[in-house]
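Notes follow the structure.
The values are calculated or read from the model by the stated rules, or taken from the named source; none is laboratory data. Every value quoted in this text rests on a predicted model; they were computed, and no experiment measured them. Reconstructed Cβ throughout: ideal geometry from the backbone, glycine too, with neighbour counts over all protein chains shown.
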Amino acid sequence: MVNFFNLFLSHYPYWVVMILMSAGLYIVVAQGNLIKKIVGLNLFQVSVFMLYISMGKITGGTAPILTGKTEIFSNPLPHVLILTAIVVSIATTAIGLALAIRINDAYGSIEEDEILSQERALVIQDARGP
């Protein structure tokens with residue numbers, strides 16, 4: 001029992017990542033509101049960021065600056081990749097919110113079921129003709 005508890009505590013960043021990733025995926029799949037879907041996507045993206053950053057950290061590691069001493073360095077590559085991913089995440093969120101505004105202007109709602117019912121009504125109306 002003690003070994004499991006120590007294993008759990010030593011890997012807590014990964015548990016947090018799994019919980020956030022599951023919550024984000026659930027929100028994206030289960031919610032019908034477009035804004036809530038964007039929030040779920042952001043939560044999922046943050047969990048991926050945390051996963052990469054936690055893998056790049058080495059206990060006792062320093063910044064990779066050569067000083068002539070024998071040292072353990074942390075890998076800077078995951079941190080650099082996450083900086084790029086954060087920019088992409090911001091752009092994705094901005095485009096998603098802009099699309100949600102346009103959809104709200106066109107349909108008067110950001111709920112999926114209401115938008116789909118309006119689309120079905122338009123298809124039926126077009127099929128009947130003038």
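A few remarks follow.
- Flag if I86 is at pLDDT 90 or above and under 16 Å from K37 (Cα atoms): no
- Qualifying residues in region 93-110 (those that are surrounded by 15 or more Cβ atoms within 10 Å (Cβ to Cβ) and either over 11 Å from I35 (Cβ atoms) or charged (D, E, K, R) (or both)) - the one farthest from the chain's Cα centre (by Cα): Y107
- Number of residues in region 70-86 that are over 17 Å from the mean Cα position of the chain (by Cα) and touching a residue at least 12 places away in the same chain (Cβ under 8 Å): the value is 6.
- Hey, V48 without any contact (Cβ under 8 Å) to a residue 24 or more places away in the chain and not acidic (D, E) or not: no
- Residues located in region 63-73, provided they are surrounded by 11 or more Cβ atoms within 10 Å (Cβ to Cβ) and at pLDDT below 80: P64
- When we screen Q118, Q125 for residues that are surrounded by 10 or more Cβ atoms within 10 Å (Cβ to Cβ), farther than 20 Å from G40 by Cα, touching a helix residue (DSSP H, G or I) at 6+ places or on another chain (Cβ under 6 Å) and of a type in the set (S, T, N, Q), the only hit is Q118.
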